[in-house]
Number of protein chains: 2
Amino acid sequence: MNSSTSTKERILTAAEALFAQRGFDGASLRQLTSAAGVNLAAVNYHFGSKEKLVEQVFKRRLDALNQHRLAELAKVAGKPATRLEDVLAAYIRPALELSHEGNGSLFMRVLARAFAEHDDTLRQFLSENYGHVMKQFTAEFARLLPHLDRAELYWRIDLVTGALTHAMSGFGMIQRKDDVSEQQHREQTAAHLIRFAAAGLSHP
Amino acid sequence: MNSSTSTKERILTAAEALFAQRGFDGASLRQLTSAAGVNLAAVNYHFGSKEKLVEQVFKRRLDALNQHRLAELAKVAGKPATRLEDVLAAYIRPALELSHEGNGSLFMRVLARAFAEHDDTLRQFLSENYGHVMKQFTAEFARLLPHLDRAELYWRIDLVTGALTHAMSGFGMIQRKDDVSEQQHREQTAAHLIRFAAAGLSHP
DNA sequence: CGTATGCTCAAACGATCGTTTGATTCTGCC
DNA sequence: GGCAGAATCAAACGATCGTTTGAGCATACG
């Protein structure tokens, strides 16, 4: 038995940090296992290969994030009183909360990297484990923005996604004023992103 | 003498394509020189190192792009009749035109990669060769959006930059309808981005 | 107790990386 | 033509990569 957490979990945590810092290729298994305090061979023993490890790093966070987002979406989807901002909040707030709990912000940088890399296998993995979420949100956006045709809507969602991914990948850097609590800071940031996204989506 | 173009230029062109496709680390000098049809040692002979080559790939395109952007900005900056959309056009249109001339779209993907990577030396190089352009545009944005304080303006510009970088990195993928000329398609795309950015920047 | 199973470990494997070397070829100028 | 400097070439360098190996250790079960 290991010090408080399992070897697999220690590897995943160290991998997330190192991937965010140096990229998937840039982070070597020797740096990674050294940081995690495990043997070099442990990665191939527990995950099979480095590529599988990358997928598991995504899966661990994305499963929780997607579940949270869909739960929030379900609260407002289809209801007459729902505003565009409510749907955006269901998309943005879970990501913000993730990035403020232990080392979660590193995952957003990993995600931003994955978006920039046009690697086919990674993109396919992302669309398999991420696509159904985007589909549900897109359907709700379409309902709330009936004046936009399909092509126009896709365009705007893509632009909003780019802005949010870019912004969230830098959250670790954003300075929080000392007189503002973390709770308040997160609320202000969420309000910022939601208003920006709403303006970009719904402008005439 | 080489076939029509110099060795340096052939390396730069091949490097741009391979960096966009496989990333800076993922593209090896052996793949690169093989694609360029030059000897492996040519990169270190002409550029000194792989890292210097990366910088030159950026410099070749960014010098032209920045010059073009600043020239367009100079036409409208400070004038009373200038609208926000005019400034955004000065920023967006040169990038769009670059991405539609020979292999220029590949550079936009390289740029998107560089944004995602938080590599310090690369970011420093970018801010040295790119920062003064952003400063001039920011000043003009500030003039046209006097109701926003400094922090708010920076926030919105950052979000817009994220959206545009994300969008432009995918331009090679965007399907153009057969009944639309490339000139028209570029105009439509520019109008899209400009309206989106204007809405995101100027919303109340 | 003995043994089977899951895990960890140091060491080595072959492959590939960026870079360097020294010889060879090409180019322009007297 | 001959020579100097630039450019290209095949080959090798040491380093580092992901992965595999086989022995060693721990734990749990009969």
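The values are calculated or read from the model by the stated rules, or taken from the named source; none is laboratory data. Worth saying up front: this structure is predicted, and the values here are computed from it rather than measured. Every residue, glycine among them, receives a Cβ derived from its backbone with ideal geometry; neighbour counts consider all protein chains shown. Areas reflect the complete protein model, heavy atoms only, side chains present, ligands, DNA and RNA absent. Shrake-Rupley method; radii C 1.70, N 1.55, O 1.52, S 1.80 Å.
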Original post:
Of the residues B:L65, B:L18, B:L40, which exhibits the maximal mean-square fluctuation in a Gaussian network model of chain B defined by a 10 Å Cα contact cut-off?
Top reply: B:L40
Original post:
Taking only DSSP H segments of four or more residues, each worth -39500 (n - 2.57), what value at 222 nm results for the protein assembly as shown once the sum is divided by all its residues, to the nearest 500 deg cm²/dmol?
Top reply: -24500 deg cm²/dmol
Subject >> Partner lysines for A:K75 [C-alpha distance under 19 Å; skip if fewer than 8 residues away on the same chain] >> reply: A:K135
Original post:
Taking only Cα atoms, what is the 0 to 90° angle, nearest 10, from helix B:182-202's long axis to the longest principal axis of chain B?
Top reply: 50
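Just check segment A:114-204 against the gyration tensor rule for me: Cα atoms, a ≥ b ≥ c as the square roots of the eigenvalues, rounded for a/c under 1.5, and otherwise prolate or oblate depending on whether a/b exceeds b/c.
It is oblate, given that a/c is not under 1.5 and a/b is not larger than b/c.
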**OP:** Mind listing the label-point distances from A:A64 to the same position on all other copies, shortest first, one decimal in nm, points 7 Å along Cα→Cβ?
**Re:** 4.7
Subject >> 0 to 90° range, to nearest 10: angle between helix A:120-144 axis and chain A longest Cα axis >> reply: 20
**OP:** Shortest first and in nm with one decimal, please list how far the A:S34 label point sits from its counterparts in the other copies (point 7 Å along Cα→Cβ).
**Re:** 3.1
Original post:
What are the label-to-label distances in nm, one decimal and shortest first, from B:S181 to the same spot in the other copies, with labels 7 Å along Cα to Cβ?
Top reply: 6.2
Subject >> Amide H partners (placed H, <5 Å) of B:A77, local residues excluded >> reply: none
Original post:
Got a number for carbon plus sulfur as a percent of chain A's accessible area, 1.4 Å probe?
Top reply: 51
Original post:
For chain A, rounded, prolate or oblate, judged on the Cα gyration tensor with a ≥ b ≥ c (square roots of eigenvalues), a/c < 1.5 rounded, else prolate if a/b > b/c?
Top reply: prolate
Subject >> FRET efficiency estimate (nearest 0.05) - Cβ-Cβ, B:A151 to B:R195, R0 25 angstrom >> reply: 0.50
Subject >> Estimated vicinal HN-Hα couplings, Hz - segment B:36-44 in sequence order (Karplus 6.51, -1.76, 1.60; Gly, Pro = x) >> reply: 7, x, 10, 6, 4, 6, 5, 5, 5
Original post:
Of B:Y154, B:Y130, B:Y45, which is the most mobile in a GNM of chain B whose springs link Cα atoms less than 10 angstrom apart?
Top reply: B:Y45
**OP:** Can you tell me the 0 to 90 degree angle between the C-alpha axis of helix A:150-168 and the longest principal axis of chain A, rounded to 10?
**Re:** 50
Original post:
Roughly how big is the A-B contact, given as buried accessible area in Å² (both sides, 1.4 Å probe, nearest 100)?
Top reply: 2800
Subject >> Selected from A:G48, A:G170, A:G23 as most flexible by GNM, with chain A as the system and alpha-carbon contacts under 10 Å >> reply: A:G48
Subject >> Accessible area in square angstrom per residue, segment A:56-202, 1.4 angstrom probe >> reply: 46
